[in-house]
Amino acid sequence: MNPDCVLQASHDKEKLCLTFLGSWLIHVEPCGLPNFTQLFTPQTKSLCFDTQHLIEWDSRFLVELSRIIEIAESQSIAVDITELPSGVRKLLRLTQKKTTIPPDKKFRSFGVLEEIGNHTLGFFRQSTEMLAFTGELLLLYIRFFSGRARYLKKDLLFFLYDCGPQALPIVALISFLVGFTLAFIGSVQLRMFGADIYVANLVGLTMTREMGPMMAAIIMAGRTGASYAAQLGTMQVNDEIDALQTMGINPLDFLVLPRVTALIIMMPLLAICADFIGILGGFFIGCFSLDISPILYYEQTIKAIHLKHFLVGMIKSVVFGYLVAFCGCIKGMHCGRSADAVGKATTSAVVTAIVFIVITDAVFTFFFNVLGV
């Protein structure tokens, strides 16, 4: 028998007392414990414990103790745990709580009007949250430009790097394929009229005004917007945001400001890269598939693209960058406190950002066409 782990049993008429001695730890070798069912006699009516000589214990002691209590209760023997350490008593109460699983609720299909009402209420609730968050961001940038915002400059530099150089390879790849595809599809139709050279105009205008900023924004929504929502949502689950507030630090200054600012700054640069790389994709189709000379393709592209087209794309990219960061941060800051809530917040951030990008692009397109830009 291992002297570090000893169990002694003493009978007193109808009462059984179990004395635990030594150290009851997981790493201690089994001490030849007796068969617990043989400890109880037909005359045993109650069970008590003596832990005065118990040196230390861990989960192993709880496991053995739970087995003894379970056997005693199965034989209708009263168990007295008052002499056990307070920590052991609390843990035993937790293990003995009966967790009742509610019966499965039958699926109840909502009526059409009820569905419309629920979605309408949800829409107004989310709209109110977004308006409130927009006002908070406005106040945030007032503090920022007045030098009163509290944030870490190294965080801003980190997010600038994450939104820029780290995101450039995927943006470049998608932009090249988009320009490649636009030139290929456009050449099929333009070749019917002998206007192959205008593939350069098509790709150049489309990439600078529409596809360059939009594709960069959609990629960043799935890459960076989702990351923002997951990061802030996880901090919400771990009570880190509450800890910042307890220390007197505004979470918007410390967490949201570097993320939004970094994406607003880097999105126009990514859009510029997307424009040039997309035009390069069209250049490959024009030169190698349509037999257009590189110099002629270059000259045609320069004639088609004016400064106003480039500025339109830059204006869109700045707004798109704000929308992606806005959706990622608001979904993360308003996330619930569970793993499921973090997943939903991440998904919602991506979907909401893409919807806003498409709607905003349509509004900008209509607005600039009215102005003749």
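The values are calculated or read from the model by the stated rules, or taken from the named source; none is laboratory data. Just so it is clear, the structure is predicted and the values come from calculations on it, not from any experiment. Positions of Cβ are generated from backbone atoms using ideal geometry, with glycine treated the same way; all protein chains shown enter the neighbour counts.
Structure notes:
- Meets criteria (in contact with a Phe, Trp or Tyr (Cβ under 8 Å, 6 or more places away or on another chain), surrounded by 16 or more Cβ atoms within 10 Å (Cβ to Cβ) and assigned to a helix (DSSP H, G or I)) for PHE254: yes
- Of the residues examined, ALA345 is one that is hydrophobic (A, V, I, L, M, F, W, C) and within 12 Å of the chain's Cα centre (by Cα).
- The residue that is nearest to the chain's Cα centre (by Cα), counting only those in region 277-289 that are under 23 Å from ALA216 (Cβ atoms) and surrounded by fewer than 18 Cβ atoms within 10 Å (Cβ to Cβ), is LEU280.
- Helices (runs of 4 or more DSSP H) fully within region 1-107 that include at least 3 residues being modelled with pLDDT of 80 or more and under 51 Å from the mean Cα position of the chain (by Cα): 59-74, 86-96.
- Some residue of region 237-250 being crowded, with 24+ Cβ neighbours inside 10 Å and not aromatic (Phe, Trp, Tyr): no
- From the options ILE292, ILE249, residue that is more than 30 Å from the chain's Cα centre (by Cα) and either modelled with pLDDT under 90 or outside any helix (DSSP H, G or I) (or both): ILE292
- Looking at THR208, THR224, just one residue is part of a helix (DSSP H, G or I), in contact with a Leu (Cβ under 7 Å, 6 or more places away or on another chain) and closer than 20 Å to ILE272 by Cβ, and that residue is THR224.
- Residue within region 338-351 that is touching a His at 6+ places or on another chain (Cβ under 8 Å), at pLDDT 90 or above, closer than 25 Å to THR261 by Cα and surrounded by 14 or more Cβ atoms within 10 Å (Cβ to Cβ) present: yes
- Condition broken by SER317, with the remaining ones in (1) within 23 Å of LEU182 (Cα to Cα); (2) at pLDDT below 90; (3) touching a Leu at 6+ places or on another chain (Cβ under 9 Å); (4) not charged (D, E, K, R) satisfied: (2)
- Qualifying residue in region 301-322 (condition: surrounded by fewer than 22 Cβ atoms within 10 Å (Cβ to Cβ), more than 30 Å from ASN369 (Cβ to Cβ) and either aliphatic (A, V, I, L, M) or in contact (Cβ under 8 Å) with a residue 24 or more places away in the chain (or both)): no
- Boolean, ALA229 is assigned by TED's automatic domain parsing to the domain that holds THR360, closer than 30 Å to GLY336 by Cβ and crowded, with 24+ Cβ neighbours inside 10 Å: yes
- Residues of region 133-149 classified as within 17 Å of CYS329 (Cβ to Cβ) and either surrounded by 11 or more Cβ atoms within 10 Å (Cβ to Cβ) or of a type in the set (S, T, N, Q) (or both), total: 10
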